[in-house]
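Reading through the structure tokens given below for one structure.
The values are calculated or read from the model by the stated rules, or taken from the named source; none is laboratory data. Note that the structure is predicted; figures quoted are calculated from it, not measured. Here Cβ is always computed from backbone atoms with ideal geometry, including for glycine, and neighbour counts include all displayed protein chains.
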Amino acid sequence: MSLSQLIETSKEFAQAYYPLVALITTVIGFILGLRTGFWTRILRKIADFWRTDVRSLKSQNAELAEKLQRVRDAFDGDNNIWLRTPVIRPDRYSASLQSSIPILLVANLKGGVGKTTIAANLATYFERRKGERVLAIDLDHQGSLSSMLLPDDVQRTERPAEAVKSLIGGVGDAGIVSFAQRIPILHSRKDSLLIECDDAFGNYEMRLLLEWLIGDRSDDIRYNLACVLHSPDIQQNFDRVIIDAPPRMTPGLVNALCASTHLVVPFVLDILSAERVGLFLRTVRKMRGELFPYLELAAVVGTLKGDGTERLRETEEKALREAENGVSKTWGNGTYYVWRDVLIPRRQPIADAAGVGVDLAAVTTFEPLGQRLFDLTTRLQPAPSGPRPRSRIERAQGNRAYEGQLSS
Ligand SMILES: Nc1ncnc2c1ncn2[C@@H]1O[C@H](COP(=O)(O)OP(=O)(O)OP(=O)(O)O)[C@@H](O)[C@H]1O
Ligand SMILES: [Mg+2]
């Protein structure tokens, strides 16, 4: 049927059934009339949504895109995310560091060079041999230092690492560290404590870093540990802090660099490991100017020295020279910083104790290193007032009351 035929038929229908058509038209008109308010309201809602919600969604979207871009930029090319500005150092940062108890950081980005072994044995050495109250801090989520220093009953349980999270996350205070979460270190006869670490800390650090990069943190997360370690509570209750670093530039390690007074860099006496010393120190040096200008390099220490004799093998001699060159290029006089006279020998009892404890007899292996670090880092100053059993000046002058206790 064509269009004109359709129109004709409709006209005839309307003429024939005029009352019915009028009735249907009226009912439809009435319904539409009733619905007018409803449609008006819908239209108004759409307009409102467009005007307000879409606009705020657009601005939220722009904000998210900007945060995402900030994260992308942070990881771009050679960027060192840790040099991000502004740098907000804590009040009295320089004065606190310069009057601080020794805070020794054992670090190297190369893995398996003996950092944890040295940190655990030094903590035991300073506590038992020098009668110091040591605060040992494990910043590696592998928890190796914890495995070596935790008392046997705590060691094998899954641990949430709350204390270290609050230290690095900036929600802890010295009270939490020294008293609420106290875990005495293995073999401790003083009030030496361990801040232990476990897997849970790895995720926490990642989250902390992202929150800081996207600007969700108002504090400067690089100095959270410094704020706690430089507080009177820690300074008056401990004689020394020893920190075991992970082999990665994590929030924990950056905090440790900003909080520490001295850096100890172990390396294995082989070329592969010796080459990394200079590279590590170059990275630290770049960050030092902006972030932690008071950190001193204490020692670069060769570990796992070979065959049980005093003699250096040719490869070990080459490794030492390589490390000295690396230090000279990046920090200063390599022969001064690389301590040739305190090389740590490879010893079976040390390897056997890995991850389960510290062998008290084997701690003697670390005595020469411990003594040199003690001489270098212990400050000759009167002890502050308070309930300290012995003054630092006595210890620094070599009072021997605490010596000879290692194997007892
Ligand atoms: N003087 C030593 N004699 C024998 N074995 C040692 C000695 N020093 C370290 N080791 C062994 O070498 C391995 C690596 O040591 P350690 O865990 O201390 O290195 P690390 O630098 O802390 O490693 P990571 O980078 O993974 O944290 C361990 O199995 C440890 O027992
Ligand atoms: Mg380790």
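Among the residues that make up the range 107-120, is at least one of them over 27 Å from Val268 (Cα atoms) and either within 16 Å of ligand 2 (Cβ to nearest atom) or out of contact with any helix residue (DSSP H, G or I) (no Cβ under 6 Å at 6 or more places or on another chain) (or both)?
The answer is no; no qualifying residue exists.
Looking for something outside the structural domain of Thr283 (by TED's automatic domain parsing), more than 54 Å from the chain's Cα centre (by Cα), part of a helix (DSSP H, G or I) and farther than 30 Å from Leu209 by Cα - is there at least one such residue anywhere in the range 43-64?
yes
If you check Thr309 against the conditions, is it modelled with pLDDT under 95, hydroxyl-bearing (Ser, Thr, Tyr) and either closer than 30 Å to Leu149 by Cα or outside the structural domain of Gln142 (by TED's automatic domain parsing) (or both)?
Yes: the conditions hold for Thr309.
Based on this model, can you work out whether Arg240 counts as closer than 30 Å to Ala362 by Cβ, under 22 Å from the mean Cα position of the chain (by Cα) and away from ligand 1 (no atom under 14 Å from the Cβ)?
yes
Could you tell me how many of the residues in the range 92-129 are in a loop (DSSP other than H, G, I, E, B) and more than 10 Å from ligand 1 (Cβ to nearest atom)?
Of the residues in the range 92-129, 5 are in a loop (DSSP other than H, G, I, E, B) and more than 10 Å from ligand 1 (Cβ to nearest atom).
Of the residues Leu320, Leu304, which is buried (at least 19 other Cβ atoms within 10 Å of the Cβ) and within 16 Å of ligand 2 (Cβ to nearest atom)?
Leu304 is the lone residue from the list that is buried (at least 19 other Cβ atoms within 10 Å of the Cβ) and within 16 Å of ligand 2 (Cβ to nearest atom).
Check Arg395 against each of (1) modelled with pLDDT of 80 or more; (2) of a type outside the set (Phe, Trp, Tyr); (3) surrounded by 14 or more Cβ atoms within 10 Å (Cβ to Cβ); (4) not in a loop (DSSP other than H, G, I, E, B) and name the one condition it does not meet.
Here Arg395 clears every test but (1).
Failed condition for Ile214, given (1) closer than 30 Å to Glu63 by Cα; (2) within 16 Å of ligand 1 (Cβ to nearest atom); (3) hydrophobic (A, V, I, L, M, F, W, C), with all others met?
(2)
Do we find a residue being among the aromatic types (Phe, Trp, Tyr) and exposed (fewer than 11 other Cβ atoms within 10 Å of the Cβ) anywhere in the range 1-16?
No, every residue in the range 1-16 fails to be among the aromatic types (Phe, Trp, Tyr) and exposed (fewer than 11 other Cβ atoms within 10 Å of the Cβ).
Within the range 328-370, can you find the residues that are under 24 Å from Ser147 (Cα atoms) and not in a helix (DSSP H, G or I)?
Across the range 328-370, the qualifying residues are Ile344, Pro345, Arg346, Arg347, Ala354, Gly355, Val356, Gly357, Val358, Asp359, Leu360, Ala361.
What is the one condition in (1) within 19 Å of the chain's Cα centre (by Cα); (2) surrounded by fewer than 21 Cβ atoms within 10 Å (Cβ to Cβ); (3) of a type outside the set (Ser, Thr, Tyr); (4) modelled with pLDDT under 95 that Asp91 does not satisfy?
That leaves (1) as the condition not met.
For Glu127, all conditions in the list (1) within 13 Å of ligand 2 (Cβ to nearest atom); (2) touching a Ser or Thr at 6+ places or on another chain (Cβ under 7 Å) hold save one; what is the number of the exception?
(1)
Any idea which of (1) within 16 Å of ligand 1 (Cβ to nearest atom); (2) at pLDDT below 80 is the one Leu34 doesn't satisfy?
(1)
Cβ contacts < 7 Å: first residue hydroxyl-bearing (Ser, Thr, Tyr), restricted to the range 239-264; second residue within 16 Å of ligand 2 (Cβ to nearest atom) and part of a strand (DSSP E or B), any location; separation 6+ or different chain. Result?
Every condition considered, the pairs that remain are Ser260/Leu104; Ser260/Leu105; Ser260/Ile243.
Does the range 346-357 hold any residues that are more than 11 Å from ligand 1 (Cβ to nearest atom) and over 25 Å from the mean Cα position of the chain (by Cα), and which are they?
Across the range 346-357, there are no qualifying residues.
When only residues in the range 130-144 that are part of a loop (DSSP other than H, G, I, E, B) and within 18 Å of Ile103 (Cα to Cα) count, which is nearest to ligand 2 (Cβ to nearest atom)?
The qualifying residue nearest to ligand 2 (Cβ to nearest atom) is Asp140.
Check Arg240 against each of (1) among the charged types (D, E, K, R); (2) at pLDDT below 85; (3) more than 21 Å from Gly143 (Cβ to Cβ) and name the one condition it does not meet.
(2)
Which is assigned by TED's automatic domain parsing to the domain that holds Gly302 and either over 25 Å from Gly202 (Cβ atoms) or touching a Pro at 6+ places or on another chain (Cβ under 7 Å) (or both), of Thr116, Thr85, Thr124?
Just a single option satisfies the conditions, and that option is Thr124.
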